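Rule-based calculations on the coordinates, nothing more; no lab input. Since the structure is predicted, the reported quantities are computational estimates derived from the model, not experimental observations. Note: ideal-geometry Cβ built from the backbone for every residue, glycine included; neighbour counts use all protein chains shown.
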Amino acid sequence: MRRGITGLALIAVYLISYQYFARGGANPRVSMSPQVVIPLLVAVFLTLFAFFFWRIRRWGAAYHQGVSFFGAGDEREAAHRFEEAARRSTQGTQRAVSVALLGQCMLALGDAPRALELFGSAERSHQVRRSVPALYRWMPNLIAMAYFVQGDGGAARAWLEEGRKRANGLPPTYALLPEVGLLCREGRHAAAVAELESRTAEADMLVGRDARRLKLLRAFALDSLDPATHAAAIDAALSTTQPTRPDDFDMLSAHWPELRAFMERKGIPGTRAA
């Protein structure tokens with residue numbers, strides 16, 4: 001593709017030179033005649049079209065590779081692809097989406113401060129609200145999650161409230177994990193269990209790592225209430241939370257000593273302190 005762009009650029013230079021020297025030289029009337037200007041404009045248009053078409057294809061390839069790696073659970077490789085997609089973007093919407101997904105990768109990898117920087121960049125893009133309404137409604141949850149895993153409950157709740165406003169007052173499914181996590185972290189374990197029981201349909205819609213993380217929080221809340229009374233429910237929840245990768249729960253446990261202690265006591269692998 002680069003060779004094609006270079007070739008078109010050389011054609012444009014050739015047309016300019018040919019029209020100038022062979023068909024008028026320094027005579028401005030001849031050199032700026034339609035026979036000169038029209039081929040020149042066509043050549044410039046084709047060159048620019050080829051360049052942006054190449055850039056869009058490069059962006060699309062990197063972006064879709066990032067989505068595939070992220071879906072497979074390889075956030076580190078996905079982050080490289082989304083970073084490349086952000087560099088290859090040709091307009092604001094492409095860049096905002098790439099940056100937001102890069103932020104989600106960094107959050108999953110445990111780098112909440114970097115994730116917040118990236119989410120802030122995507123939030124400031126005017127293109128998001130106009131062109132990507134789903135991302136605009138989705139962003140507050142990601143920002144709330146980043147603050148939550150750092151232990152900043154006040155900021156997390158403020159962004160969850162912003163998410164409700166953007167979703168017309170309805171608590172979106174994707175906000176369930178940080179909402180339950182905040183209740184648990186604040187010691188309101190009965191409220192966390194009640195929230196889960198009142199929103200089972202939303203909980204069932206979650207898949208993959210988020211579904212396992214939510215079940216881990218359920219087990220943690222029940223254990224904090226009464227481990228003997230809820231022993232069967234705790235075991236049932238934990239039986240379906242086995243991580244597919246050792247670091248699946250690090251995002252939750254890195255800055256949460258009580259959860260980390262619970263996981264160690266239950267033999268759940270992959271825990272680490274920040």
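Given in Å, the Rg to one decimal and the Dmax to the nearest whole number for the Cα atoms of the range 162-227 are 11.8, 38. Hull volume per residue, based on the alpha-carbon atoms of the range 92-140 and their convex hull, is 57 Å³. Basic side chains Lys and Arg get +1 at the Cβ, acidic Asp and Glu get -1 at the Cβ, and with that the dipole of the range 177-274 about its Cα centre reaches some 260 debye. A dipole drawn for the range 108-165 from +1 and -1 charges on Cβ atoms has a positive end, and of ALA115, VAL128, ALA158 the residue lying farthest that way is VAL128. Under the convention that each Lys and Arg Cβ holds +1 and each Asp and Glu Cβ holds -1, the size of the dipole of the range 107-233 around its Cα centre is about 440 debye.
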